[in-house]
Each structure stands twice: as C-alpha cells, then as structure tokens.
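**Q** The structure's right below; bear with me while I get my questions together.
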Amino acid sequence: MRAFQRIAVLGSTGSIGESTLDVIARHPDRLGVYALSAFSRMEKLAEQAAATGAAVVAVPDDAAAGRFRQAWRGAGAMPAIRVGVQALADTAAAPECDTVVAAIVGAAGLPSSLAAARAGKRILLANKEALVAAGSLFMAAVRDNGAELLPIDSEHNAIFQCLPHGGRASAPTEPAVGVRRLLITASGGPFRGRDPETLHTVTPDEACAHPNWSMGRKISVDSATMVNKGLEVIEAHWLFAMPADRIEVVIHPQSVVHSMVEYHDGSVLAQLGQPDMRTPIAYGLGFPDRLRSGVGMLDLVRWGRLDFEAPDLRRFPCLGLCFDALRAGQGACIALNAANEVAVAAFLAGGLGYTRIAPAIVEALEWQAGQPSVTLGGLEDVLGLDARTRARVAAWIDRVS
Ligand code: NAD
Ligand code: MG
C-alpha cells in the first residue's frame, strides 16, 4: 500500500473538487488534504478548509483573501492564505504536497498543472484544457521530472484502465504496443435528438441540463456543443501518444461504457460504471490499489440495453473543428480552446447566442492560420497566443452581438 498522501485539490469548490473531497473523506487512514484553492465562493472554501484541516488555501487576490478571513468559522488554526497565480503554482510544487488534483477549469489551470509536473508530483488531471493548449510541454515535464500522471476525465481514465500499464503511470512517447484504436464514448449531451433549426433559441440553463452527468457550467455547455468530446480527442492524443486517425468518437447515450481500447487481435476492452466522477477520482488516488469511492453497483439489468451510434458532424460542427485543430498543430489547438472559453463565457452571460459558439471558434482558427508561425516551446509562448486569441474573439463577439 502507498504511504499516506497529502493532497492539494486545486479548484476544490468545483464539481470535480467536491467529488474529490468526498472520496478523500472516506479514507482518513491514507489520504489527507494539504491545500485547497478556489477562484470565487470563499464561504464554500472556508467551509471546506475547516472540514478538512487544510494547511493552505490559494485564492486569486487580496479581496478574496479578505472574504476568506471573514468567512472563516473553523475551530482550529486558520490555514495560511496564499494569493495569486504564482502562489497556486508554488502550492502545487510544495514539498509538503504528494499529490495534486488539477481540477481548475480552463487554460487558467495550466501554470499550476505544469508546476506539479515539474515538481514530479502524482497528478490527477481533470483540467483537460491544459493538455489541449500545451500537451507537448506538459507531457515532456511529466517525463523529465518523473511525475505520475493519472487521467481522471472519465473517458481517459477508462482508456488508462484498459491499456497495459504494468501498475505504473507514465507519459508514453508512442502508442501502447498491440493497440489499434481508442474508442471514446460521448453521451451526445442534451441536444442529441433536437432539431438543429431550433438550436438558436437555446438558453444557458437548457445547455447545462446534461442528461447523465452533473458538472460545472463550462464543461456542461462544452458537452452540449460536443467541443468537450473534441477536447477529449486532443487530450487522448497527448496522454496516450495516439495519432488523430486512430481515435474514434462513438455516441453512447447511456454513459455506462466510459470508453474502449481496441487491440490488433480484434479484442475490445471497455470500462463500465455509473456516471459518477468519484470512480475515476478514487482510481487515481488509490492507484495501483482500488479504493472505495461511495459509488453504488451498476445495475445492467435495469439498463437492459446499451446503444451506440455515429456522431453527426452537421449537428455538432465543433467536434469536426477539434479534429481539424489537432491535425493543424499546437497553435490551432491553443486558438480553438481560447476561443471556446471566451465564447462559452459570453453565452453563459447572455451576450452570445448558442449557435454562435462554433463561428467564434472558426473565426479564431482562421485568424491563427493567417498569423506568422511562432515557436510555442514555453509556457509564456502558450499564454501569449492564448491571450491574443481571447482579445481577438472578444472583439469579434462585440461586433456580432
Ligand atoms: P467547476 O466550474 O465546477 O469548478 C471549477 C473550479 O476552478 C472552481 O473551484 C473554481 O473556483 C476554480 N476556478 C475557476 N476559474 C479559475 C481561475 N481563473 N483560476 C483559478 N481557479 C479557477 O468545473 P468542473 O466541472 O469541476 O471542471 C473542472 C475541470 O475538470 C475542467 O477542466 C473540466 O473540463 C474537467 N472535467 C470535469 C468533469 C466533471 O464531471 N465536472 C469531468 C471531466 C473533466
Ligand atoms: Mg469526459
């Protein structure tokens, strides 16, 4: 059994963060919280810090730190409050921390995820946008510093479980021997069967009403547009060193099969379970052991049947755009991710129509393709292109809305 793990949960107030704290609380003998972080909702963060005995909390600015102090009701000592993006990265890299749960949403999670890799931590990666924007940089940091990378996005966790890994988590440079294809399942989201002609009336609450999973609002909209599945294809490309043409997306509305690996001999291995993120999180925390997660038994008889169908790229243009970006290269992936983040935030705030999300991404991809090519070797290069794309797309949204 692995020694006691001290864990930093970055993005602890979010959906993945809360599921992580639920699993940690079930195993006080082997799991403890070292640090927590949040961008807003300081009352929630203060509650979590009091309940877990966190030594450190990381918050975005001094105003948030003030709100945290006001909200603190803990019986014990108040945790040390660290402020700013660098403090978040330092917390991920701190010697007191063994394991980092990267559960911040968006490219904002990249600096801390990368810092965890550079410090050789065990990383449970939920923050897929970090890999989309900086897959090569991040995977090299994992390899060069002996970090342990465990994917907890459910599809990638399923694939990881179905691949031969000999009990070790690694960052491969070529596809696993014997593997033909990765089959990533997608629920199809809330609009799978809806007439595309009616999508222009979609509201944020309708887009966030996912049929199977309860998640943060950004990833819920991404699931409705299927950008999420496209980001997951790019994520799988980096995690498993798999070329784009050996990654397939299959619609599976029940979300029971979380993804599959097809081998050259025709064997297809699948991981099944309830749609509850505590399963992949417990897998990552316990690896290579299995921990109780609080998830109940899978009642296949109640399901009765499992369905599969091909995705319709006319209904879900964003999925095709993600494949295009992956084939075009890292600059396109950064632009696609940044454009999507800005467009989804605008949609959630009521400033952009749902059917304008895909055109915002197209605008960014066309703009990026016309730019002189720049080296994207370091974090600063990535964040620079990310920021330029955001400005470009924000201006486009101002013009069209
Ligand atoms: P969420 O919106 O519920 O939570 C996001 C967390 O990140 C919160 O704690 C928030 O305070 C923090 N945060 C937001 N913006 C920040 C910023 N600029 N700087 C620092 N912290 C910030 O999101 P979620 O659904 O928990 O998703 C988190 C990540 O996990 C995303 O990358 C998502 O794609 C991925 N993921 C989520 C699920 C799921 O079931 N929710 C499944 C697979 C992957
Ligand atoms: Mg997923």
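**Q** Which residues, taken from segment 177-232, are open to solvent by less than 30 Å² (accessible area, probe 1.4 Å), among the hydrophobic types (A, V, I, L, M, F, W, C) and part of a loop (DSSP other than H, G, I, E, B)?
**A** Within segment 177-232, Phe191, Val202, Cys208, Met226 meet the criteria.
**Q** Which members of segment 365-395 meet the condition of being more than 17 Å from Ala332 (Cβ to Cβ) and part of a helix (DSSP H, G or I)?
**A** The answer is Leu379, Glu380, Ala391, Ala394, Ala395.
**Q** In segment 13-34, which residues are within 13 Å of ligand 1 (Cβ to nearest atom) and outside any helix (DSSP H, G or I)?
**A** Matches in segment 13-34: Thr13, Gly14.
**Q** Mind telling me which of the residues Ala369, Ala345, Ala349, Ala328 ends up being more than 23 Å from the chain's Cα centre (by Cα), among the small types (Gly, Ala, Ser) and at pLDDT 95 or above?
**A** Values: Ala345 fails: more than 23 Å from the chain's Cα centre (by Cα); Ala349 fails: more than 23 Å from the chain's Cα centre (by Cα); Ala328 fails: more than 23 Å from the chain's Cα centre (by Cα).
One residue alone meets the criteria, Ala369.
**Q** Check Gly230, Gly216, Gly189 and return the single one that is in contact (Cβ under 8 Å) with a residue 12 or more places away in the chain, of a type outside the set (Phe, Trp, Tyr), outside the structural domain of Ala103 (by TED's automatic domain parsing) and on the phi > 0 side of the Ramachandran plot.
**A** Details: Gly230 fails: on the phi > 0 side of the Ramachandran plot; Gly216 fails: on the phi > 0 side of the Ramachandran plot.
After applying the criteria, what remains is Gly189.
**Q** Would you mind finding the one in Leu272, Leu298 that is in contact with a Gly (Cβ under 7 Å, 6 or more places away or on another chain) and under 21 Å from Ala186 (Cβ atoms)?
**A** Residue meeting the stated conditions: Leu298.
**Q** With the condition kept exactly as written, say whether any residue in segment 80-94 is near ligand 1 (Cβ under 9 Å from one of its atoms), closer than 25 Å to Leu231 by Cβ, open to solvent by 10 Å² or more (accessible area, probe 1.4 Å) and in contact with a Gly (Cβ under 8 Å, 6 or more places away or on another chain). Show your work before the answer.
**A** Here is the first cut: in segment 80-94, the ones near ligand 1 (Cβ under 9 Å from one of its atoms) are 85, 88.
Add one more test, that the residue is closer than 25 Å to Leu231 by Cβ, and what stays is 85, 88.
From what's left, open to solvent by 10 Å² or more (accessible area, probe 1.4 Å): 85, 88.
The next check asks that each one be in contact with a Gly (Cβ under 8 Å, 6 or more places away or on another chain); those that pass are none.
No; the residues of segment 80-94 include none that is near ligand 1 (Cβ under 9 Å from one of its atoms), closer than 25 Å to Leu231 by Cβ, open to solvent by 10 Å² or more (accessible area, probe 1.4 Å) and in contact with a Gly (Cβ under 8 Å, 6 or more places away or on another chain).
**Q** Ok, one more. Which condition number does Ala171 fail, the rest of (1) under 30 Å from Thr13 (Cα atoms); (2) over 18 Å from the mean Cα position of the chain (by Cα); (3) more than 16 Å from ligand 2 (Cβ to nearest atom); (4) modelled with pLDDT under 95 being met?
**A** Of the numbered conditions (1) under 30 Å from Thr13 (Cα atoms); (2) over 18 Å from the mean Cα position of the chain (by Cα); (3) more than 16 Å from ligand 2 (Cβ to nearest atom); (4) modelled with pLDDT under 95, the odd one out for Ala171 is (2).
**Q** Would you check if there is a residue in segment 5-12 being part of a helix (DSSP H, G or I), open to solvent by 20 Å² or more (accessible area, probe 1.4 Å) and under 16 Å from Val101 (Cβ atoms)? Don't jump to the end; show me each part of the working.
**A** Of all residues in segment 5-12, those part of a helix (DSSP H, G or I) come to none.
Scanning segment 5-12, I find no residue that is part of a helix (DSSP H, G or I), open to solvent by 20 Å² or more (accessible area, probe 1.4 Å) and under 16 Å from Val101 (Cβ atoms), so the answer is no.
**Q** Could you tell me which of the residues Phe68, Phe160 is within 16 Å of ligand 2 (Cβ to nearest atom) and aromatic (Phe, Trp, Tyr)?
**A** On the way: Phe68 fails: within 16 Å of ligand 2 (Cβ to nearest atom).
Phe160 is the lone residue from the list that is within 16 Å of ligand 2 (Cβ to nearest atom) and aromatic (Phe, Trp, Tyr).
**Q** Then there is this: With modelled with pLDDT under 95 and more than 13 Å from ligand 1 (Cβ to nearest atom) as the only criterion, which of Ala209, Ala244 stands out?
**A** Ala209
**Q** Do you know which of the residues in segment 225-248 that are away from ligand 2 (no atom under 15 Å from the Cβ) and of a type in the set (D, E, K, R) is farthest from Thr355 (Cα to Cα)?
**A** Arg246
The values are calculated or read from the model by the stated rules, or taken from the named source; none is laboratory data. Everything numeric here is computed off the predicted structure, so don't read it as measured data. No Cβ is skipped: glycine too gets one built from the backbone with ideal geometry, and neighbour counts run over all protein chains shown. Accessible surface areas use protein heavy atoms only, side chains included; no ligands, DNA or RNA. Shrake-Rupley method; radii C 1.70, N 1.55, O 1.52, S 1.80 Å.
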